[in-house]
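Reading through the structure tokens given below for one structure.
The values are calculated or read from the model by the stated rules, or taken from the named source; none is laboratory data. It should be emphasised that the depicted structure is a prediction, and the values quoted were computed from it without experimental measurement. Reconstructed Cβ throughout: ideal geometry from the backbone, glycine too, with neighbour counts over all protein chains shown. Note: areas computed on protein heavy atoms with side chains; ligands, DNA, RNA excluded. Shrake-Rupley method; radii C 1.70, N 1.55, O 1.52, S 1.80 Å.
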Amino acid sequence: MTAVLALKQINKEFGHGHTAVTALKDANFEVAAGQFVAIIGPSGSGKSTFLTIAAGLQTPTSGQVLLNGTELATQTEKARLDYRFNEIGFILQSSNLIPFLNVTEQLKLVDKMAKRPFQKERAQKLLAELALSEEATAYPNELSGGERQRVAIVRALYNDPSVILADEPTASLDTPRSIDVVERLAKEAHQHNKAIVMVTHDQRLISHCDVVYRIEDGVMTRQA
Amino acid sequence: MYLGLKEMRHEKLRYSLLSGVLLLISLVVFMLAGLANGLSNGNREAIDNWQASDVYLNQNANETLSASQVKLADQKYIKGNQVAPLATLSGTLRTTKNAHKTNVSALATSRKGFIMPKITSGHRINGKNQLIISASLKADGYKLGQRVRLGTTKKTAKIVGIYASSTYMIAPTVYTDVATLNRLKDMPVTSGDQQTINGFVAKNGAFKQSNHGGLQHLTMATFINKLPGYSAEQLTLNTMIYFLFAIALAIIGIFMFVLTLQKQALFGVLKVQGIGTKHILAALLTQSIAMAVIGIVIGLGITVSLAQIMPAGLPFVINWPQFGGYSLALLAAAVIGALLSWRTVANIDPAIAIG
Ligand SMILES: Nc1ncnc2c1ncn2[C@@H]1O[C@H](COP(=O)(O)OP(=O)(O)OP(=O)(O)O)[C@@H](O)[C@H]1O
Ligand SMILES: [Mg+2]
């Protein structure tokens, strides 16, 4: 299996001198299409830092980020923005959605940005897959936390990215709903051949994942 | 576009309030402009009707018509398509029994002078002691055939004609010939070319030779600017209008900036999703342009309606090219105001959305 997304020898330091914080130390990571990967670690261990570097939102102090074999650092800012838009679906811990757009409009916005007509059937199909057909015209403030998280997943999938990065997508959910969201992510990875990376600190969720990385004080280790 | 308009529709109150503020500003701009035009028109309407390009006054008159004294005979120094003598008197027009009294600007020229207005009823001046009046004076009760006095003397003249309303120095005009005006003023000389007048107006005029006979040439624009009070009034009103453009810019700028600060997290989320600064700015621009257009259009509508019901004593003139220009200036203020948030938007770090 070839890696869709690979990070090699990543180091990230914040600040310098004796106030310097090393958030990542020689981190190596890869994920292939159809794989559901979990990154688990305590608070402050560098999980979000890792995801933002993978998404091209931050540049590493050293190391390489390869997306489909192309190194991100060699790209222009514009190219990185396009890369983020086209290749990466980001699911944030919360507030993923735009408050003044209803569920369908969140998806329409993606098409507007890509300058193509609204893909109605695709939208309906994805909403149905995540049990959101009833909520198609609801605004984010009318949805439950779990529904909002599922809309964020639909939104991330809608643009057909090669990689989905999810930063604690279940943090605001109770256990049954967390399991529901994680099961759906696993299904998306396996059915639609997506590379999905999920950050979590909930041990119970990792049983659904194909690969687990553990991170502690910026040091990343792959679990067998 | 999409983002900007959707947000406005969702946050109607917030955005209608700002549209309302812009409406009030544009209303004040248009009202001030209309009043400034009305005032300007009141001062110069008669002059504009002449369609003349040059004025000749006594060189010691400080470029002021009423302070200038020249002789009819001085016309010999001027050549041009059309040259007409001009004498004025700001005074009271009264009927012989003082039944009506009105402050007017009396203007005298030669009977066939090119600045003599076209008659709409009655006839043009064809004999001694005749005068013609602005239509607005007819509304004040003056009639054809009436004998009237001008100023404070006992001499009278007869109203023989009426022409389309015109004003000069904010007073309705009456026209007569030079000899009649001099007689009504009780001047010592009331015939021949040694009569005193105030100056000459001409179309494409020029001096015939290097001896100007004590005359000074003014362009019409300079002459109008030198009308007593004219430039001061216009400067005051126009300065207020220009300040309002700056205020509109500041209001949009501050409002958009505050909104941008409030929406940093949202903009961070957009950036995470690959929707960049360009699109966010486009949304801000769409919003401020939409608000400005709404405010300007309603402001124009109210101005036009108010102009209909404005009392006749309040001179108000809508000049569409000028109003169009001011609308564009307000729009430009809105665009610049929105662009002031550019740096803030550009500097929003998408990482803040991740925490
Ligand atoms: N912009 C920054 N400037 C300075 N230090 C930072 C910055 N971002 C992260 N850090 C530091 O880097 C380390 C890793 O932070 P990170 O946000 O990646 O942790 P995390 O694993 O996501 O934690 P949590 O589970 O609480 O979200 C922390 O010590 C943090 O203080
Ligand atoms: Mg984190």
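A few notes on this one:
- Under the simplified labelling scheme, the B:Val297-A:Glu13 pair shows an inter-label distance of 5.9 nm, with each label point 7 Å from Cα along Cα→Cβ.
- Whole-angstrom gap from region B:12-31 to region A:112-151, using each part's C-alpha centre: 36
- Chains A and B together, accessible area buried on both sides, 1.4 angstrom probe, square angstrom: 2200
- Computing FRET efficiency as 1/(1 + (r/R0)^6) for A:Asp160 and B:Thr344, where r is the C-beta to C-beta distance and R0 is 41 Å, gives about 0.80.
- Surface per residue (accessible, 1.4 Å probe) for region A:3-222, Å²: 43
- Residues A:Lys120 and B:Gln322, FRET efficiency given R0 of 41 Å [Cβ-Cβ distance, rounded to 0.05]: 0.25
- Between the residues A:His190, A:Gln119, A:Ala54, the greatest Cα displacement towards the positive end of the dipole of region A:3-222, with unit charges on the Cβ of Lys, Arg, Asp and Glu, is found for A:Gln119.
- Chain A: angle of helix A:175-192 to the longest principal axis, Cα-based, in degrees nearest 10: 90
- With contacts taken as Cα pairs under 8 Å at a separation of at least 6 residues, region A:1-48 carries a relative contact order of 37 percent.
- Note that region B:248-258 has calculated 3J(HN,Hα) couplings of 4, 4, 5, 5, 4, x, 5, 4, 5, 5, 4 Hz, one per residue in order, obtained from phi through the Karplus relation 6.51 cos²θ - 1.76 cosθ + 1.60 (θ = phi - 60°); glycine and proline are x.
- Neighbour net charge for A:Pro99 - beta-carbon separation under 12 angstrom, K R +1, D E -1: -1
- When all protein chains stay in place and ligands, DNA and RNA are ignored, the 1.4 Å accessible-area order of A:Glu105, A:Glu77, B:Glu45, largest first, is A:Glu77, B:Glu45, A:Glu105.
- Working note: 222 nm ellipticity from helices only, DSSP H runs with n ≥ 4, each -39,500 (n - 2.57), summed and divided by the residues of chain A, gives -10000 deg cm²/dmol to the nearest 500.
- Rounded to the nearest 20 debye, the dipole magnitude of region B:60-213 is 560 debye, with +1 charges on Lys and Arg beta carbons, -1 on Asp and Glu beta carbons, and the Cα centre as origin.
- Dipole magnitude of region B:1-67, debye to nearest 20 (Cβ charges: Lys/Arg +1, Asp/Glu -1, about Cα centre): 620
- Considering only B:Asn58, B:Leu23, B:Leu3, the residue lying farthest towards the positive end of the dipole of region B:1-58 is B:Leu3, judged by Cα position with unit charges set on Cβ.
- Computed from backbone phi with θ = phi - 60° and the Karplus coefficients 6.51, -1.76 and 1.60, the 3J(HN,Hα) list for region B:145-150 is x, 6, 9, 9, 10, 9 Hz; x is used for glycine and proline.
- Solvent-accessible area of B:Met8, all protein chains in place: 30 Å² (probe radius 1.4 Å, heavy atoms, ligands and nucleic acids excluded).
- Nearest-0.05 FRET efficiency for B:Ala332 and B:Lys128, computed from C-beta distance (R0 60 Å): 0.55
- A simple charge model with +1 on the Cβ of Lys and Arg, -1 on the Cβ of Asp and Glu and nothing else charged puts the dipole of chain A at about 420 debye relative to its Cα centre.
- Across region B:60-213, the relative contact order, built from alpha-carbon pairs under 8 Å that are at least six residues apart, equals 35 percent.
- Solvent exposure of chain B as accessible area per residue, Å², 1.4 Å probe: 45
- Site pair B:Leu261 and B:Arg147 shows an inter-label distance of 7.9 nm when each label is modelled 7 Å from Cα along Cα→Cβ.
- Nearest 10 degrees, 0 to 90: helix B:12-50 Cα axis against chain B principal axis: 20
- For chain A: relative contact order, % (alpha-carbon pairs under 8 angstrom, 6 or more apart): 32
- A simple spin-label model places pseudo-atoms 7 Å from Cα toward Cβ; at B:Arg14 and B:Ser231 they are separated by 4.9 nm.
- For B:Val174, residues with placed amide H under 5 Å, excluding near neighbours: B:Ser105, B:Ala106, B:Leu107
- Charge dipole of region B:60-213 about the Cα centre (unit charges at C-beta), most positive-ward option of B:Thr173, B:Gly80, B:Ile119: B:Ile119
- Calculated from backbone phi, Karplus (6.51, -1.76, 1.60) coupling profile of region A:58-72 in Hz, x at Gly/Pro: 9, 9, x, 5, 8, x, 10, 10, 10, 10, 6, x, 9, 7, 5
- Between amide H atoms placed 1.01 Å from N, distances below 5 Å from B:Thr120 occur with B:Ile162, B:Tyr163, B:Ala164, all of them 5 or more places distant or on a separate chain.
- Counting only protein heavy atoms and a probe of 1.4 Å, the accessible surface of the protein assembly as shown is 55% carbon and sulfur.
- Buried on assembly, region B:270-292 (at least 40 Å² less accessible surface than by itself, 1.4 Å probe): B:Val272, B:Gln273, B:Gly274, B:Ile275, B:His279
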